[in-house]
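The values are calculated or read from the model by the stated rules, or taken from the named source; none is laboratory data. Computed from a predicted model, the values in this text were never measured in an experiment. Positions of Cβ are backbone-derived with ideal geometry, glycine not excepted, and every protein chain shown enters the neighbour counts. Each accessible area value is taken on the protein alone, full model and side chains, heavy atoms only, with ligands, DNA and RNA left out. Shrake-Rupley method; radii C 1.70, N 1.55, O 1.52, S 1.80 Å.
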Amino acid sequence: MIWYPYQQMKTMKDPYHITDAEGVWLYTRENRMIDSVSSWWSVIHGYKHPVLREAIKSQADRFSHVMLGGLTHEPVQQLSQKLEDWLPGDLDYCFFSDSGSVAVEVALKMALQYYVNQGQLQRTKVLSLTHAYHGDTFKTMEVGDDEDYHFILEAYGPNPNVIHIPTEIPALEKAFELCHEELNCLIVEPLLQGAGGMRMYDLSFLQRARKLCDQYKVLLIFDEVATGFGRTGNRFAADLVLPDILVLGKALTGGYIGHAVTVANKKVYEGFYGEDSDKALMHGPTFMGNALACSVALKSIELFEQEDYLSKIRRIEAVTRREMDGFTDPRIKEIRIMGGCICIEVLDPAILAGYQQFACRRGVFSRPFLNYLYAMVPYVITEEELIQVLSVMKAWFRR
């Protein structure tokens, strides 16, 4: 029996049975639907893309996986070199893993051990944001701030080593003033907080965070698992403000295979480098650097570059703003749009009850949660298909 995610199994509705997928479309036996959430924000090139399919097939003809413990291979070397060349600043040192949550765990472990390696054992605290979501493994739950997903941690009580602040500069400054000697890192989802409610905030917060991290010698971590590869309208938020550690996942492989990477700058890497084996990073996911994943990730990045995906994302944002211009309803608290993301926040979760089935009947797969009706479409979507997604969202309030 399948145990499905984020579901009470006794009361859940039957999931839609997908028999095929191509472009932005998911096919069931009876229907087809535009995937308006890109399979949890990852399938940026759409389904069954010929270039990505061929990358996987070609690599599988050689080998699908070998461990990186004592072994290496060309796909992981090429992807590491590509990311070193492609990412901003000196974000050059790639530690691969098999999921975004694990990659965030690695980043947090790096930040703590970076200071332990220097004998600064008092730097045990992590500064994070309210409404943050960084994954469902235990440390990522701790630095997250989403009781709807992570209420299980109530069994442990408050964590003295995690501080949450709102995305407000005075709160940021106060936290550094009070706790900077104990902080090892500040971790953020830059510009756009995903599962915490598609909350959007200003670049000035990140700019101030960078200055404070420099001033107090605290590491800055950007969790761009969801925001990277154009979702905010920027290639990466790291192109605007440079972190010390960058975490990528989801769209890294175009959503075709689970894979992620934690990328450190030279300062962090050199904090582990030397003759002392006790200062090594003792971590090693079995499927890190998976050859199939690295091969498809390389082709995904090539597509992003060669087909000018940032222009596609600007078009998506422009069409979204045009189609939503002037749309209001008394049940709506706020409509937020940024890059390839739109979120309609409603006043009461009950307002969205039944929306998924309503959308399905109109040819759109959607997965609203709590108070949030959102879309994060594949970047290859046509204007007509995008208008269909937005029209269904508006139609729900016009019934």
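Structure above, values below:
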quantity	calculated
Two-decimal ratio, region 103-189, of alpha-carbon radius of gyration to 2.2 N^0.38 Å	1.06
Alpha-carbon centroids, region 130-167 and region 204-232: separation in whole Å	19
Per residue accessible area in Å² of the chain, where ligands, DNA and RNA are left out and the probe is 1.4 Å	45
In region 1-48, the trypsin sites (Lys or Arg not before Pro) that fall in loop regions by DSSP, at most 10 other Cβ within 10 Å	LYS10, LYS13, ARG29
Percent of C-alpha pairs per 10 Å bin, region 31-106, short to long	13, 32, 41, 11, 2
Solvent accessible area, Å² - VAL66, 1.4 Å probe, full protein context	40
Sulfur and carbon atoms: percent of accessible area, region 245-399 [1.4 Å]	50
Region 174-220: Cα Rg divided by the 2.2 N^0.38 Å rule of thumb	1.22
Packing-based order for 359-370, 222-233, using average beta carbon neighbours within 10 Å, highest first	222-233, 359-370
DSSP beta bridges in the chain [antiparallel fraction, %, rounded to 5]	65
Accessible area (Å², 1.4 Å probe, nearest 10) - TYR355	0
Loop trypsin sites (Lys or Arg not before Pro), region 49-79, which have at most 14 other Cβ atoms in a 10 Å radius of their Cβ (DSSP)	ARG62
Between region 294-361 and region 33-94, the Cα center-to-center distance that results, in Å	24
DSSP-loop chymotrypsin sites (Phe, Trp or Tyr not before Pro) across region 291-353, with at most 14 other Cβ within 10 angstrom	PHE327
Accessible area in the full protein assembly, largest first, 1.4 Å probe, for LEU310, LEU71, LEU172	LEU71, LEU310, LEU172
Cβ-placed point charges (K, R +1; D, E -1), dipole of region 1-104 about Cα centre in debye, nearest 20	520
Share, in percent, of DSSP beta bridges within region 186-261 that are antiparallel, nearest 5	35
Listed residues LEU220, VAL76, LEU310: farthest to the positive end of the dipole of the chain (Cβ charges)	LEU310
Region 1-146: C-alpha gyration tensor shape, a/c 1.5 cut-off, then a/b vs b/c	oblate
Percentage of interatomic Cα-Cα distances in region 83-152 larger than 19 Å	48
On Cα atoms only, tilt of 291-306 relative to the major axis of the chain in degrees	70
Cα gyration tensor shape for the chain, rounded if a/c is under 1.5, else prolate or oblate	oblate
Set of aspartates and glutamates with alpha-carbon distance to LYS174 below 16 Å, sequence-local pairs under 8 removed	GLU182, ASP214
Principal-axis tilt of helix 50-60 within the chain, Cα atoms, nearest 10 degrees	50
For region 83-98, 3J(HN,Hα) per residue [Karplus equation, 6.51 cos²θ - 1.76 cosθ + 1.60, θ = phi - 60°, Hz, x = Gly/Pro]	5, 4, 6, 8, 7, x, x, 9, 6, 10, 10, 9, 10, 8, 8, 9
Region 156-262: C-alpha gyration tensor shape, a/c 1.5 cut-off, then a/b vs b/c	prolate
